[in-house]
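A short worksheet on the structure shown next.
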Amino acid sequence: MLTKTSNNTNNYKNVEAELLAKFNEKNLNLITISNHVKEKEVPFRVKCLATELIKEQSKINKVISKITSEKLIIVPNLNVEQSINRLERTKKDNFNSVYLETVSKILSNQIQDLTELSKTTNDIDFKILALQTIVKLNTSLDKVNQIKIAET
């Protein structure tokens, strides 16, 4: 019986924790680059978008933190300097499009992570979190795409 239990433990994989860790990295990355954009000289609608994204991602982060702490899941804080370095190297003329493209990719990846979470988890709290958050992220992605079209 002990052998059987230890074999089950070795095969255990917490999909929710893995997906939320990936999501959290993108969440923090988006907040960081959006905070950086607010300090730059960019069009008003881009600053508004950055402000909205910071608020939305912060709220999502709080909800995820609450659920993960209730379920005793640890989601690590990660270093997100790479995207800021990319934005810093961007010329002023290209800055808005690089920011919007980066945000678009992050939001798409977050939607993908949460879609996978909603399909793989059996936990109702995670399913609800994923589905509600996907709706919010799709709305944000639509706003980004509208601004991208208006900027070109």
Phi angles of the stretch 52-64, converted by Karplus (6.51 cos²θ - 1.76 cosθ + 1.60, θ = phi - 60°) into ³J(HN,Hα) in whole Hz with x for Gly and Pro, give 4, 5, 4, 4, 5, 5, 5, 5, 4, 4, 5, 5, 4
If each residue of separation counts as 0.36 nm, what is the full-extension length gain between Lys119 and Lys62 once their alpha-carbon separation is subtracted?
18.3 nm
Give a residue-ordered list of calculated ³J(HN,Hα) values for the stretch 16-26 (Karplus: 6.51 cos²θ - 1.76 cosθ + 1.60, θ = phi - 60°; whole Hz; x for Gly, Pro).
4, 5, 5, 5, 5, 5, 4, 4, 4, 4, 5
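We did not get these values from a lab; they are worked out from the coordinates using the rules stated. Predicted, not measured: the structure shown is a model, and the values here were computed from it.
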